[in-house]
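Here's the structure, in structure tokens; my notes come after.
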2 protein chains.
Amino acid sequence: MKIEMTSSQLERLKALGGNIEAGYCFESTAQREAEFKRLEKALVLEAKKNLNTLRTGDRRPMLCKVQEQLVEALTSEGFVQVVTPTIISKKFLERMTIDDDHALHTQVFWVDKNKCLRPMLAPNLYSVSKDLLNIWEKPVRIFEIGSCFRKESQGKSHLNEFTMLNLVEWGTAIGNRDNRIRELSDLVLKTLRIEDYEFEEEDSVVYGNTIDVVKNGLELGSSSKGSHPLDAAWGITDSWVGIGFGLERLLMIREQKNNIHALAKSIAYLDGVRLNIK
Amino acid sequence: MKIEMTSSQLERLKALGGNIEAGYCFESTAQREAEFKRLEKALVLEAKKNLNTLRTGDRRPMLCKVQEQLVEALTSEGFVQVVTPTIISKKFLERMTIDDDHALHTQVFWVDKNKCLRPMLAPNLYSVSKDLLNIWEKPVRIFEIGSCFRKESQGKSHLNEFTMLNLVEWGTAIGNRDNRIRELSDLVLKTLRIEDYEFEEEDSVVYGNTIDVVKNGLELGSSSKGSHPLDAAWGITDSWVGIGFGLERLLMIREQKNNIHALAKSIAYLDGVRLNIK
């Protein structure tokens, strides 16, 4: 008889950061229980060690540290940081063509009839850009790092709340846009110490034809360029490139974690470590 | 006949950062229009100068810079930064005694029947603390800086979305709590370069008897201490001190601005400067 770990045992070990191979079998439930206890104990010890390193070290989760590193890299490249509201108007969503029939619409968290949690940073960046383009000479370069919200399946690589980095450069020469997308993506990924990624063409529901950044089949980020049909709603006619990255995904890839929740804003994990390890 | 500026003129000048005294009168509407134009032009020039300083300087809004400074100051003092979700459960609110009859309840943004935007950081910090107290020796020191949400009148000193700093130290000796509250408040306010504030005793709807930090009649922050009746819901029995500050208010005071929205997460302002100044 084939005795495997129970699903709750597998879940617990996975939450603790363990990688249990499929088909790991035992000759008796007693042997299984002993092995589970041994593995759990070792993982809890490791977790406590990691928490202690955090506590006695620089005392900041990776999710916070990479934000600071990205701010440093992007401001050095001439990008100005902006911070905009989490709650946006329905009108702003509609300007992104996310109306009631749109695929993304069912994923939006509404706080009332006309206001929702932003599922992306783009509409606010459009709004700020429109004003800045009236004031500043081009190229105008801005970025934001902030929480976005989508009702997802909450699978191991999706989050309801995730931290987006979105940068946009207005006035990029038309012929240099694809090159610039690669250049700026390289800057972001070098800052995160991520290598061996690829660029892939993709059709986005919102942005049309885009270039995605992909590693091991997982989308790390996605870029776009304009002038673009969406620009008209904001009264913008300049050329541009824009890139968006989900920071938790970047960290999951870099840290080779099997669970994005461990690195996200969470009350169950702190900096990759499961907290219920009394 | 007494000719004053129109309310829209006053509003525009105020948004641009002007301080127009009450009772400022003109002998004709032509004189008023000329003076309005002169003032507006001067304020727009000043705004553009400030935006240019941002663009050619360190390219970060104050709201972002003070967060980095606070992180540096608090981690140096032994506090560990945590980052937790914006959306919290109704159960977490109820554990703060914010039920359907509570004064704060009408200010809560709900995203569904059982989930809302956090009006404060405390419940998440309680949850993380409860786990860490099982793992770490006391004193356990953590803090979070993040957006909180309350339906406010949106007056000149209130925001629907504001940036809270909340720190808590578990295991503070009972006799040293008041002293520690002053010490840690001083650390925060020194980091922000704010002086001449006072400590005032206050009755909080959530925390009972507390010590507030006040300057010029405006509440800058509020502290609390325990053991406290709320602790039981989290199974915590340790003594503690905790302090919360709204960062936009601290900046408004420091920068002597008359409008908190200018320094907040915004699409109408960037780092204190109104953006519709074509």
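Structure notes:
- Conditions (1) assigned by TED's automatic domain parsing to the domain that holds A:Ser129; (2) at pLDDT below 95: number failed by A:Arg12: (1)
- When each of B:Ser223, B:Ser127 is tested for being within 14 Å of chain A (Cβ to nearest Cβ), of a type in the set (Ser, Thr, Tyr) and surrounded by 14 or more Cβ atoms within 10 Å (Cβ to Cβ), the lone residue that passes is B:Ser127.
- From B:Leu187, B:Leu218, B:Leu167, residue being surrounded by 21 or more Cβ atoms within 10 Å (Cβ to Cβ) and within 17 Å of the chain's Cα centre (by Cα): B:Leu167
- Test for B:Gly23: is it at pLDDT 95 or above, closer than 26 Å to B:Ala262 by Cα and out of contact with any Ser or Thr (no Cβ under 8 Å at 6 or more places or on another chain): no
- Residues of segment B:147-161 that are within 11 Å of chain A (Cβ to nearest Cβ) and either polar (S, T, N, Q) or buried (at least 20 other Cβ atoms within 10 Å of the Cβ) (or both): B:Ser147, B:Cys148, B:Phe149, B:Leu159, B:Asn160, B:Glu161.
- Any hit, segment B:93-100, residues being surrounded by 15 or more Cβ atoms within 10 Å (Cβ to Cβ), at pLDDT below 95, on the phi > 0 side of the Ramachandran plot and in a loop (DSSP other than H, G, I, E, B): yes
- Residue within segment B:171-184 that is in a strand (DSSP E or B) and either of a type outside the set (Ser, Thr, Tyr) or under 13 Å from the mean Cα position of the chain (by Cα) (or both) present: no
- Test: residue in segment A:73-85 that is surrounded by 15 or more Cβ atoms within 10 Å (Cβ to Cβ), in contact with a strand residue (DSSP E or B) (Cβ under 6 Å, 6 or more places away or on another chain) and more than 12 Å from every other protein chain (Cβ to nearest Cβ): no
- For segment A:101-115, the set of residues classified as touching a helix residue (DSSP H, G or I) at 6+ places or on another chain (Cβ under 9 Å), assigned to a loop (DSSP other than H, G, I, E, B) and away from chain B (no Cβ under 14 Å) consists of A:His102 only.
- Conditions (1) touching a helix residue (DSSP H, G or I) at 6+ places or on another chain (Cβ under 7 Å); (2) crowded, with 21+ Cβ neighbours inside 10 Å; (3) of a type in the set (Lys, Arg): number failed by B:Arg141: (1)
- Hits in segment B:40-70 - residues which are in contact (Cβ under 8 Å) with a residue 40 or more places away in the chain, in a helix (DSSP H, G or I) and within 7 Å of chain A (Cβ to nearest Cβ): B:Lys48, B:Leu51, B:Leu54, B:Leu63
- Residue check, B:Val168 under 30 Å from B:Asp131 (Cβ atoms) and part of a strand (DSSP E or B): yes
- Checking each residue in segment A:72-92 for being assigned to a helix (DSSP H, G or I) and not aromatic (Phe, Trp, Tyr) picks out A:Glu72, A:Ala73, A:Leu74, A:Thr75, A:Ser76, A:Lys90, A:Lys91.
- Verdict on A:Glu198 being at pLDDT below 90 and in the same structural domain as A:Glu248 (by TED's automatic domain parsing): no
- When A:Met120 is tested against the conditions (1) more than 9 Å from every other protein chain (Cβ to nearest Cβ); (2) farther than 26 Å from A:Asn216 by Cβ; (3) in contact with a Leu (Cβ under 9 Å, 6 or more places away or on another chain); (4) not aromatic (Phe, Trp, Tyr), the lone failure is (2).
- Filter pass, A:Gly235 being touching a helix residue (DSSP H, G or I) at 6+ places or on another chain (Cβ under 7 Å), crowded, with 17+ Cβ neighbours inside 10 Å and either within 14 Å of chain B (Cβ to nearest Cβ) or among the polar types (S, T, N, Q) (or both): no
- Residue identified as charged (D, E, K, R), in contact (Cβ under 8 Å) with a residue 60 or more places away in the chain and closer than 24 Å to B:Leu251 by Cβ among B:Glu144, B:Glu169, B:Glu152: B:Glu144
- Looking at A:Arg274, A:Arg249, just one residue is in the same structural domain as A:Leu187 (by TED's automatic domain parsing) and either modelled with pLDDT under 95 or farther than 26 Å from A:Val71 by Cα (or both), and that residue is A:Arg249.
- Flag for B:Arg118 being basic (Lys, Arg), in contact with a Cys (Cβ under 6 Å, 6 or more places away or on another chain) and in the same structural domain as B:Gln256 (by TED's automatic domain parsing): yes
- Some residue of segment B:98-116 being closer than 20 Å to A:Cys64 by Cα, of a type outside the set (Phe, Trp, Tyr) and under 17 Å from the mean Cα position of the chain (by Cα): no
The values are calculated or read from the model by the stated rules, or taken from the named source; none is laboratory data. Computed from a prediction, not measured in an experiment: that's the story for all the values here. Note that each Cβ is placed from the backbone with ideal geometry, even for glycine, and that neighbours are counted across all protein chains shown.
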